[in-house]
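So the structure is just underneath, and the comments pick up after that.
Quick note: the coordinates plus some simple rules give every number you see, no bench work behind them. On a predicted model such as this, the values are computed, not experimentally measured, just so you know. Glycine also receives a Cβ, built like all others from the backbone with ideal geometry; neighbour counts cover every protein chain displayed.
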Amino acid sequence: MNGSPLLPLFGYFALLSLFAVGGANAAIPEMHRIAVEVMHWMNDRQFADSFAIAQASPGPNIIIVTLIGYHVAGLPGAAVATAAMCGPSCMVAFLVARTWDRFKEARWRIAIQAGLVPVSLGLIAASAFVLARTADHTIYAALITGITALVGFATRFNPLWIFAASGLLGLTGWL
Amino acid sequence: MSGPVAPVAPVAPSPSSTITRPTLSELFRAFAIVSISGFGGALPWARRKIVEQKCWMTAEEFNEAFALSQFLPGPNVVNFSVVFGSRFGGAPGAAVALAGLMGPPLIIVTVLAMLYARFGDLEMLGRILVGITAAAIGLLIAVVAKMAAPLFRKGWDWGPPVAVAAFIGVAIMQWPLPLVFVTLAPISIALAWVKR
């Protein structure tokens, strides 16, 4: 590879940042295409492992770009990839939020906001459904999903305890 | 430490609530805790912290801010931290909320990356993950139910049918998400315009 890999790292992820509508999971296929097929930064197995680590660590799943950056160019790569993935979209979010709050009383703003909420809810519900269908392979896993949903909805019990218990159950290999 | 004066419209006080404003250090701490707790997605934790524990937003305000974040490009929760932070503290607020959300996981994931480069065995991690993922999906379902409550409480308006249509389009019919959004959003916005 010619020159520093930091420049293409920054370029690709900055671009992806502005086109990743639908969140981190929607952007995964495009990341795979760039990192594995176009730039040959990593192989399939390494990409899949990065995805698993990003899922396993707390925080936004977009953190997978940090891992890709680290794999390509160590700590500077991790920093550059993360900044590129978050920078442009955060600037847009900031500018829109400012404009948005300025027109708080405008009728068009109220209509857009009220119109977006039900669509947003339906899409979050759909992603929960799709995740459950792809991730819950056994009746036990589905049971854990159901119990967590009930406890999360009906009580103020801290779900971290359920997470710890389910992680241990997973470790036993029953799920 | 009091938050800086932001050149935005003040948050409309809702009649029946005890909505308070966070300071910059509270913003940072809240988003840091949300991100550290947020295995398998930070949305349920953000709602728990902001609506249920801190009372910084009503359920409706949270839905609106999150819906806006979802339709901006980039990761939803990252956008949400910027939208939320800027509303309560201008540019410094946005920066502080973002730093709180991204800082701790960045450190954790970098350590994990180093361990992986050294050992490279993820079999155990994978099994633990299957369990945590199952629970995380349950938590996501719970938060959808909570977020839906204010929408359905208003009665059978245009909102619930639109939400159900979006769900069916993506989950059952498996149409592409952008297609469902581009079709439904204008219809929903038009209905909201007419109904007001």
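Determine, yes or no, whether B:ALA192 is surrounded by 13 or more Cβ atoms within 10 Å (Cβ to Cβ), more than 24 Å from A:GLY152 (Cα to Cα) and at the interface with chain A (Cβ under 7 Å from one of its Cβ atoms).
Criteria met by B:ALA192.
Counting only residues that are within 10 Å of another protein chain (Cβ to nearest Cβ) and without any contact (Cβ under 8 Å) to a residue 40 or more places away in the chain, which one in segment B:49-60 is farthest from B:ILE33 (Cα to Cα)?
For segment B:49-60, the residue satisfying everything is B:GLU52.
Show the residue pairs meeting these rules: Cβ distance below 9 Å; 6+ apart or different chains; first residue within segment B:81-93 and under 16 Å from B:LYS54 (Cβ atoms); second residue crowded, with 24+ Cβ neighbours inside 10 Å and basic (Lys, Arg).
B:GLY93/B:ARG87
Quick test of your reading of the structure: A:GLY59 fulfils all but one of (1) at the interface with another protein chain (Cβ under 7 Å from one of its Cβ atoms); (2) farther than 22 Å from B:VAL170 by Cβ; (3) part of a helix (DSSP H, G or I); (4) under 15 Å from the mean Cα position of the chain (by Cα). Name the failing condition by number.
If we test A:GLY59 against (1) at the interface with another protein chain (Cβ under 7 Å from one of its Cβ atoms); (2) farther than 22 Å from B:VAL170 by Cβ; (3) part of a helix (DSSP H, G or I); (4) under 15 Å from the mean Cα position of the chain (by Cα), just (3) comes out false.
Just one of the numbered conditions (1) in contact with a Ser or Thr (Cβ under 7 Å, 6 or more places away or on another chain); (2) in contact (Cβ under 8 Å) with a residue 40 or more places away in the chain; (3) hydrophobic (A, V, I, L, M, F, W, C) is not true of B:VAL109; which one?
(2) is the only condition that B:VAL109 fails.
Only helices (runs of 4 or more DSSP H) wholly contained in segment B:81-196 count here; list those with 3 or more residues that are under 28 Å from A:ILE162 (Cα atoms).
Per the criteria, B:123-153.
Only one residue in B:VAL144, B:VAL162, B:VAL170, B:VAL130 is over 24 Å from B:ALA46 (Cβ atoms) and aliphatic (A, V, I, L, M), so which one is that?
Answer to the selection: B:VAL130.
For segment A:80-120, name all the residues that are surrounded by fewer than 18 Cβ atoms within 10 Å (Cβ to Cβ) and assigned to a helix (DSSP H, G or I).
Answer for segment A:80-120, where residues must be surrounded by fewer than 18 Cβ atoms within 10 Å (Cβ to Cβ) and assigned to a helix (DSSP H, G or I): A:GLY87, A:MET91, A:VAL92, A:LEU95, A:THR99, A:ARG102, A:ARG107, A:TRP108, A:ARG109, A:ILE110.
Taking the condition of being within 19 Å of B:ARG47 (Cα to Cα) and at the interface with chain B (Cβ under 7 Å from one of its Cβ atoms), how many residues in segment A:157-175 meet it?
Summing the residues that are within 19 Å of B:ARG47 (Cα to Cα) and at the interface with chain B (Cβ under 7 Å from one of its Cβ atoms) in segment A:157-175 gives 4.
Conditions first: (1) within 30 Å of A:GLY173 (Cα to Cα); (2) within 8 Å of chain A (Cβ to nearest Cβ). B:VAL180 passes all but one, so which condition is the exception?
(1)
Filtering segment A:34-66 down to residues that are aliphatic (A, V, I, L, M) and under 19 Å from B:MET124 (Cα atoms), which residue is surrounded by the most Cβ atoms within 10 Å (Cβ to Cβ)?
A:ALA54
Give the residues of segment B:113-143 that are among the basic types (Lys, Arg) and within 7 Å of another protein chain (Cβ to nearest Cβ), sorted by residue number.
Within segment B:113-143, B:ARG127 is the sole residue that qualifies.
Among residues belonging to segment A:133-147 that are without any contact (Cβ under 8 Å) to a residue 12 or more places away in the chain and within 8 Å of chain B (Cβ to nearest Cβ), point out the one that is nearest to B:VAL170 (Cα to Cα).
Result: A:ALA135.
Looking at A:VAL130, A:VAL92, A:VAL65, A:VAL117, can you tell me which residue is more than 7 Å from chain B (Cβ to nearest Cβ) and either of a type outside the set (Asp, Glu) or within 25 Å of B:PHE31 (Cβ to Cβ) (or both)?
Result: A:VAL65 is the single residue among A:VAL130, A:VAL92, A:VAL65, A:VAL117 that is more than 7 Å from chain B (Cβ to nearest Cβ) and either of a type outside the set (Asp, Glu) or within 25 Å of B:PHE31 (Cβ to Cβ) (or both).
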